[in-house]
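**Q** Below is a structure I'd like to ask you about.
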Amino acid sequence: LRTEEEMQFLFPENPLALDNTGRIAEECELDLDNSKFFLPRFNTPPEHTLDSWLRQKAQEGLKKRLSLLYQLYAPDCEELEFAKLYQERLDFELEVVIKMDYPGYFLNVAYFINWAKDHSVAVGPGRGSGAGSLVAYALRITDVDPLRYGLLFERFLNPERVSLPDFDIDFCMLGRDRVIEYVVDRYGADKVAQIITFNSLAARAVVRDVGRVMGLPYGFCDGLAKLVPFEVGMTLEKALEQDEEMRTRYETEPEVGQLIDNARLLEGLPRNAGKHAGGIVIAPRSITDYTALYWEPVSYTHLRAHETRHDLVCRRLLEKK
């Protein structure tokens, strides 16, 4: 960033703009609290707390699951004895979830997953450590019976774990946008945002981009970029050390030397902003209370209007099914 003196020298005709910039900077204040998690609110019926509502929904879900599991896997076993194993596991998990203050997390996740399943959006059966939770199985977050496959709840959540639990959820690409739209409608557009991603200027990409800006022929830049060894963590400095041809051209060809020197200044910087395929953030209040936002002026309605005919046909087939 340029200093104030440099800006005054570059823009002597705009002293008011420089003054206003300083004034705005002085009025900006942001204090981000990174010491705790901020989970979205979940509205329960008036007669329930989050804890009691989670217990009730988990018990109802387990009862439905057991009616099918008993018929499939243990028709010759005593039904009460069969159910006792699941009930003990459920009670244990609920105590841990409630003690760690995560009922709202489970309920929120269950709510939009069940919405997707009830609206013809294909959802994965569950993977990762979250599949070890019987509470998640009872709430239809996952569709894998952890007792049948000997999966451990402690790998997913235990009192010694300081980080949030993490459900790996897979939505079909044909219905993912509908789930995101539903979450936006349910929680409010000001409380939901998708996760930003940044593509950085790696060694090969920065040579091509800088060469294009310098007006050099594409073939020239592409040939030079291909001299950069293709391996993770490669930099222009390493490439000059490892590739003899590139080092020789850098030292003997002025255009190559200028191009690489310019590219070194930009290497590693963000190239452009992208959007995570399915990751979203949901906040209890407006997201701007917690973090800055990058605004992309494209609505979901606009995106839906440009779906291909293939997408529309697939959507209709799923909805019929």
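The values are calculated or read from the model by the stated rules, or taken from the named source; none is laboratory data. Everything numeric here is computed off the predicted structure, so don't read it as measured data. All Cβ positions, glycine included, derive from the backbone under ideal geometry; neighbour counts span all protein chains shown. Side chains included, ligands, DNA and RNA excluded: accessible areas come from the protein's heavy atoms. Shrake-Rupley method; radii C 1.70, N 1.55, O 1.52, S 1.80 Å.
**Q** For the chain, modelled as a GNM with alpha-carbon contacts under 10 angstrom, which of Asp51, Asp166, Asp177 fluctuates the most?
**A** Judging by the Gaussian network model, the answer is Asp166.
**Q** Probe 1.4 Å, all protein chains in place: accessible area of Asp185 in Å², nearest 10?
**A** 130 Å²
**Q** Per DSSP helix of 4 or more residues, -39500 (n - 2.57); summed, then divided by the residues of the chain. What does that give at 222 nm, rounded to the nearest 500?
**A** -16000 deg cm²/dmol
**Q** What is the distance in Å between the Cα centres of the range 84-140 and the range 206-221?
**A** So the two Cα centres are separated by 52 Å.
**Q** Let me ask another. Quote the accessible area belonging to Asp31 in square angstrom, nearest 10, computed with a 1.4 Å probe and with ligands, DNA and RNA left uncounted.
**A** 140 Å²
**Q** Could you state how much accessible area Trp115 has, in square angstrom rounded to the nearest 10, with a 1.4 Å probe and all protein chains kept in place?
**A** Accessible area of Trp115: about 50 Å².
**Q** Further, regarding this structure: Per residue, how much space in cubic angstrom lies within the convex hull of the C-alpha atoms of the range 1-63?
**A** 203 Å³
**Q** If you don't mind, there's one more thing I want to ask. What is the diffusion coefficient of the chain in µm²/s, taking the Kirkwood radius over Cα pairs and the Stokes-Einstein relation at 20 °C with a viscosity of 1.002 mPa s?
**A** The estimated diffusion coefficient comes to 86 µm²/s.
**Q** Show Phe11, Phe42, Phe156 ordered by accessible area, largest first, where the area counts protein heavy atoms only and the probe is 1.4 Å.
**A** Phe11, Phe42, Phe156
**Q** Could you work out the relative contact order of the chain, using alpha carbon pairs under 8 angstrom and six or more residues apart, expressed as a whole percent?
**A** Relative contact order comes out at 18 percent.
**Q** For the range 68-152, what D do you get in µm² per second when you plug the Kirkwood radius from alpha-carbon pairs into Stokes-Einstein at 25 °C and 0.890 mPa s?
**A** Translational D for this selection: 176 µm²/s.
**Q** Now a separate question. Mind scanning Lys99/Lys275; Lys117/Lys191; Lys84/Lys191; Lys63/Lys99; Lys64/Lys99; Lys117/Lys275 and naming the pairs with a C-alpha gap bigger than 31 Å?
**A** Values: Lys99/Lys275 35 Å; Lys117/Lys191 23 Å; Lys84/Lys191 41 Å; Lys63/Lys99 23 Å; Lys64/Lys99 26 Å; Lys117/Lys275 24 Å.
In this structure, Lys99/Lys275; Lys84/Lys191 lie more than 31 Å apart at Cα.
**Q** Also: Would you kindly derive the ³J(HN,Hα) couplings of the range 143-160 from the backbone phi angles with the Karplus curve 6.51 cos²θ - 1.76 cosθ + 1.60 (θ = phi - 60°), listing them in order in whole Hz, with x for Gly and Pro?
**A** Ordered by residue, 3J(HN,Hα) equals 10, 10, 6, x, 6, 4, 9, x, 8, 8, 5, 4, 5, 8, 8, 7, x, 7 Hz.
**Q** Can you pull the percent of Cα pairs in the range 212-268 with separation above 18 Å?
**A** 26 percent
**Q** DSSP loop chymotrypsin sites (Phe, Trp or Tyr not before Pro) in the range 207-243 with at most 14 other Cβ atoms within 10 Å of their Cβ, which ones? Mind showing how you got there, number by number?
**A** Working: sites: Tyr218, Phe220, Phe230; in loops: Phe230.
Here the chymotrypsin sites (Phe, Trp or Tyr not before Pro) that fit, given the DSSP loop and packing criteria, are Phe230.
**Q** D for the range 1-132, whole µm²/s, Stokes-Einstein with Kirkwood Rh over alpha-carbon pairs at 20 °C and 1.002 mPa s: what number? Could the numbers behind the result be given before it?
**A** Values: Rh = 20.3 Å.
Value of D from the Cα-based Kirkwood radius: 106 µm²/s.
**Q** Given C-alpha coordinates of the range 159-199, what is the ratio Rg to Rh with the Kirkwood estimate of Rh?
**A** Details: Rg = 13.8 Å, Rh = 12.9 Å.
My calculation of the ratio gives 1.08.
**Q** I'd like to check one number: the per residue accessible area of the range 148-283, probe 1.4 Å, reported in Å² as a whole number. Intermediate values should be presented prior to the final figure.
**A** Numbers: 7950 Å² over 136 residues.
That works out to 58 Å² for each residue.
**Q** Could you list which residues have their amide H under 5 Å from that of Arg271, counting only those 5 or more apart in sequence or on another chain, with H placed in the peptide plane?
**A** Under 5 Å from the amide H of Arg271: Asn199, Ser200, Leu201.
**Q** Here is a follow-up. Work out how much length Glu181 to Phe82 would gain on full extension: take 0.36 nm times their residue separation and subtract the Cα-Cα distance, in nm to one decimal.
**A** In short, 31.6 nm is gained.
**Q** Please work out, to two decimal places, the log10 of the ratio I(q)/I(0) at q = 0.16, 0.18, 0.21, 0.31 Å⁻¹ from a Debye calculation in which every Cα of the range 129-181 carries one identical scatterer.
**A** Each listed q corresponds, in turn, to -0.56, -0.66, -0.80, -1.16.
**Q** Follow-up. From Cα pairs below 8 angstrom and at least 6 apart in sequence, can you work out the relative contact order of the range 1-118, rounded to a whole percent?
**A** Relative contact order of the range 1-118: 33 percent.
**Q** Can you quote the Å³ per residue value for the convex hull of the Cα atoms in the range 146-228, rounded to an integer?
**A** With only Cα atoms used, the range 146-228 gives 284 Å³ per residue.
**Q** Moving to a separate point now. Within the range 95-171, list the trypsin sites (Lys or Arg not before Pro) lying in a DSSP loop whose Cβ has at most 16 other Cβ atoms in a 10 Å radius.
**A** Passing sites in the range 95-171 are Arg148, Arg161.
**Q** Can you put Glu267, Glu244 in order of accessible area, largest first, using a 1.4 Å probe?
**A** Glu244, Glu267
**Q** Sort Met173, Met214, Met246, Met234 by heavy-atom solvent-accessible area, probe 1.4 angstrom, most to least. Could the numbers behind the result be given before it?
**A** On the way: Met173 150, Met214 70, Met246 0, Met234 20 Å².
My answer, sorted largest first, is Met173, Met214, Met234, Met246.
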